[in-house]
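Data block below; observations after.
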Amino acid sequence: MPFAIRKRLNAAANRISARTRIAIGLVFLLVGVLWMAIALGFVPSERSALIAGRKQFCEATAVYGSTFVEHGDLGSLQSALQAVVARSNGEILSAAVKQADGTVLIEVGDRVAGGKPAAGNGAIDSDLYVPIYLADKTWGGIEVRFKPDATTTGLAGYLRSPQMKLISFVAAACLVVFMLYLRKMLQHLDPSKVVPGRVRSALDTLAEGLLVVDKNEKVVLANQAFATIVGRKSDEMLGARASHFQWAFEAGDSREFPWTRALREGQPLVGIRMHLIDCNSNRRTFTVNCSPVLGNDGAYRGVLNSFDDITQLEAKEVELRKSKDAAESANHAKSDFLARMSHEIRTPMNAILGFAEVLRRGYEQNEQERQEYLDTIHGSGKHLLELINDILDLSKIEAGKLEIELGRCSPHQIMTETLSTMMVRAREKNLTLDLSWTSDVPETIETDATRFRQVITNLVGNAIKFTDKGSVRLAARVARDGPSPKLVVDVIDTGIGMKGDALGRIFQPFAQADTSITRRFGGTGLGLSISRQIADALGGSLSVTSEVGKGSVFTLTIDTGSLEGIPTLNRDELITAVASRKADGPVLRLPGTRVLLVEDGVSNRKLIMLVLDRAGAVVEWAEDGKTGSEMALGGNYDVVLMDMQMPIMDGYTAARLCRSKGLTTPIIALTAHAMRGDEEKCRDAGCTGFLTKPIDMDLLVRTIGQASGKCAIENAADFAPRFKGSAVASLPRESALGAIPAALTSTLPSSDPEFCQIIVEFVDRLHQQLGAMQQAWEKQDLSELASLAHWLKGSGGTAGFAALTDPARKLEQLARDKKLEEIAGAIGALNELAEHIVVPPVENAPAPATEASA
């Protein structure tokens, strides 16, 4: 038989239940026994009974007829035969009496001649001949012809026979009886039925799959969990081989199933890992526990297998393994970094401490040598500060606290200023350093100017460090081929270059292209990692191409924001702008601009009024929000500068009051609060602009000019002093409470008498406020202490003492958070800083004038 047909038959047989198969087998067995009994004659047939009855009838007729023959009364015999034939209902066709010589004496019915019937007890069912004896001699006999048997011969006749009807009835009746009987009896043989319903329900509620196989490894029990995995019903799996499910094996795995081994060894197996393709074609992983099951005879009759799904756990293990490898790699990189940092930090520290010790002991021989030692200490300190800043920037990035503050700025100005600061380092190595544009230059873009400057500084500094001869060049352009315009800056050097396998590694924290780089050039390996993170935060990217011995090209891309309506500078305008900046650049003037300054801080107020007065503005002032709001509503001002924290009425309330009464004059907020959300709070109060303290004087003038629409550009010679960038840029926040400088001087031009007066007055007020802080601390008045610290946070930097800003900010926060254990130290740090303030000569300051409200 072909394999395919045999397979289909086996499949069809498997679909028939065991009970049905057993019942059919018993029926066939019974039918076979019945056939044998019929064949051996143990079961009488209808034909035999008919022949026997006809023979008995003929024998009786012969005995009855012998009486008439003995008396010679053949007429009575004929009458009797006629009556019998007539009353047979057609079963007897004819009857005849013959003598021994064949002479027919009596003939009744339609006798058809047709051969002599068998003598004696003949077996012909239609013609029977019975002899008549007289005096022990055969006189003759009676011949009776019956109606022929109507039973059909052949297969059809056999199927219609009474025997076949009997067999069919017995088979059908027994099949029903056996099915009903086996339904009860086979429960003792079917484990799935032997298990009580409540126990089976409990097994089906288990999350792990259960599979019981017999010694032939065929399934005798499966719970619902396993059935769900393979997508079949529990009952359908009975009798199937456990090995026929879609098991998956890894390379190198043993192909022996654990239940096979458990049966062979007679020992439980625990924690065997197996893989199975489930009904959804997903590869799942299980830990399999196999327990052999003993029979009543002491032999192992099967195995109980439990399957615990660990697919997700295995995925987690893979992730953990990858994380572990990544952590070990990062740890190794950080260990290398610490080893490098040990050298990097110790080098400037050795120089600082060593030359400081030389100066402390007075070993310098002349003023020139003393200045050289101080320059070395200063340079080493700056280098150490750069290292610390890199580490702090990276920590912010890794903590997700890198904040981006978008604003309009000039990309050309930022890059030219950066190149100006790096020019000294380039000239020390005889390198050329320049900037070129290959497209029109937007006057401003929207980005974080500080972070953009940081990236450019890092890239140019790296290029100079790794270039011994040749040039470092910036090539900038605006790309407009994407969905939004991008500023693209290529930093091109002719330095040592890098191998291809190092290009991706250099952007990883604590990594450099080669460990020998640290020994030769120094550095932490953090700059490029930080730069790439900043580039990503600015909506762009940082990439590199390089060739060993020929140099590298770092490509920085950042978002420019919308350039719609932004003027562009062509090459001639750019040259003019650069030349103007070399002559100390143009400055904004505010001729005739009427400004109302609402500020309670005397030093801040004087400085702002002085700067605006020098810019040509007409300034009036008020020292609280109530007076300021009344003046704003009653006067004709172009701009209102509003401090947000003042006595009597704060700036928020004053701004709301002005707006509620219909004032449309621009209100620019002045506040020492620079946290996220402070600007939004000011704008919600009605302010149209926002400036943080310490005040950037150039930004102040530019903001007022934009708000009022009254500004003019003039040469710097007409305006003194010129503030470049922020007049208060100084120590980083984390270093404010660290090493105290030998002297603190104001960044304001103290040679100018009016600025000198502001400095002197601030220092006097500072000592008063520090005394008030100490008193507030002794009284545990933390609210007053926070208020005093807030004043210093805004006023110190404005007066040119930026070193006070961060300590004051920290003290304010400590007071608000009620961290009593740290407040005393913060106050002490401020007092120590104040002791190092150098006050300019009093003769530079004019006599103080009496202030009056305008």
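The values are calculated or read from the model by the stated rules, or taken from the named source; none is laboratory data. Being a predicted model, the structure only gives us computed values, none of them experimental. No Cβ is skipped: glycine too gets one built from the backbone with ideal geometry, and neighbour counts run over all protein chains shown. Quick note on the areas: whole protein, heavy atoms, side chains included, nothing else; ligands and nucleic acids left out. Shrake-Rupley method; radii C 1.70, N 1.55, O 1.52, S 1.80 Å.
Structure above, values below:
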{"read-out": "Residues satisfying the stated conditions in region 459-497, i.e. touching a helix residue (DSSP H, G or I) at 6+ places or on another chain (Cβ under 7 Å) and open to solvent by 20 Å² or more (accessible area, probe 1.4 Å)", "value": "ASN462, LYS465, PHE466"}
{"read-out": "Residue match in region 191-202 (condition: open to solvent by less than 60 Å² (accessible area, probe 1.4 Å) and either modelled with pLDDT of 75 or more or within 30 Å of LEU74 (Cβ to Cβ) (or both))", "value": "yes"}
{"read-out": "Residue match in region 261-273 (condition: touching a residue at least 24 places away in the same chain (Cβ under 8 Å), surrounded by 15 or more Cβ atoms within 10 Å (Cβ to Cβ) and either under 14 Å from GLY209 (Cα atoms) or of a type in the set (S, T, N, Q) (or both))", "value": "no"}
{"read-out": "Criterion: in contact with a strand residue (DSSP E or B) (Cβ under 9 Å, 6 or more places away or on another chain), closer than 13 Å to LEU211 by Cα and aliphatic (A, V, I, L, M) - qualifying residue of LEU276, LEU294, LEU238", "value": "LEU238"}
{"read-out": "Any hit, region 151-163, residues being outside any loop (DSSP other than H, G, I, E, B), at pLDDT 80 or above and either touching a Gly at 6+ places or on another chain (Cβ under 8 Å) or closer than 29 Å to GLU59 by Cα (or both)", "value": "no"}
{"read-out": "Residue check for VAL441: farther than 16 Å from LEU528 by Cβ, in contact with a His (Cβ under 6 Å, 6 or more places away or on another chain) and of a type outside the set (Ser, Thr, Tyr)", "value": "yes"}
{"read-out": "Among residues of region 216-236, those that are over 39 Å from the mean Cα position of the chain (by Cα), among the basic types (Lys, Arg) and loosely packed, with under 15 Cβ neighbours inside 10 Å, counted", "value": "0"}
{"read-out": "Filter result for the condition that a residue is out of contact with any Cys (no Cβ under 6 Å at 6 or more places or on another chain), at pLDDT 85 or above and of a type in the set (Val, Ile, Thr), over ILE837, ILE823", "value": "ILE823"}
{"read-out": "Those residues of region 57-84 which are among the acidic types (Asp, Glu) and either touching a helix residue (DSSP H, G or I) at 6+ places or on another chain (Cβ under 8 Å) or under 11 Å from ILE132 (Cα atoms) (or both), in sequence order", "value": "GLU59, GLU70"}
{"read-out": "Filter result for the condition that a residue is polar (S, T, N, Q) and exposed (fewer than 11 other Cβ atoms within 10 Å of the Cβ), over ASN289, ASN282", "value": "ASN282"}
{"read-out": "Number of the condition not met by SER335 [criteria: (1) at pLDDT 70 or above; (2) under 15 Å from THR376 (Cα atoms)]", "value": "(2)"}
{"read-out": "Output for region 791-828, where each listed residue is of a type in the set (Gly, Ala, Ser) and open to solvent by 20 Å² or more (accessible area, probe 1.4 Å)", "value": "ALA824, GLY825, GLY828"}
{"read-out": "Pick from region 542-568, criterion out of contact with any Leu (no Cβ under 8 Å at 6 or more places or on another chain) and of a type in the set (Ser, Thr, Tyr), ranking: least open to solvent (accessible area, probe 1.4 Å)", "value": "SER552"}
{"read-out": "Which listed residue, of ASP781, ASP752, is at pLDDT 85 or above and over 49 Å from the mean Cα position of the chain (by Cα)", "value": "ASP781"}
{"read-out": "Residue match in region 804-825 (condition: closer than 13 Å to PRO694 by Cβ and more than 45 Å from the chain's Cα centre (by Cα))", "value": "yes"}
{"read-out": "Flag if VAL489 is part of a strand (DSSP E or B), modelled with pLDDT of 85 or more, more than 34 Å from the chain's Cα centre (by Cα) and within 23 Å of ILE404 (Cβ to Cβ)", "value": "yes"}
{"read-out": "Region 237-290, subset polar (S, T, N, Q) and more than 21 Å from GLN224 (Cα to Cα), residue farthest from the chain's Cα centre (by Cα)", "value": "GLN267"}
{"read-out": "PHE169 being over 30 Å from ASN89 (Cα atoms), at pLDDT below 80 and assigned to a helix (DSSP H, G or I)", "value": "no"}
{"read-out": "One residue from ALA100, ALA52, ALA113, ALA118 being at pLDDT below 80 and open to solvent by 60 Å² or more (accessible area, probe 1.4 Å)", "value": "ALA113"}
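Residues are listed down the side, and each one gets a yes or a no for (1) more than 30 Å from LEU276 (Cα to Cα); (2) at pLDDT below 80; (3) open to solvent by less than 50 Å² (accessible area, probe 1.4 Å):
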{"residue": "GLU319", "(1), (2), (3)": "no, no, no"}
{"residue": "LYS324", "(1), (2), (3)": "no, no, no"}
{"residue": "GLU328", "(1), (2), (3)": "yes, no, no"}
{"residue": "ASN331", "(1), (2), (3)": "yes, yes, no"}
{"residue": "GLY379", "(1), (2), (3)": "yes, yes, yes"}
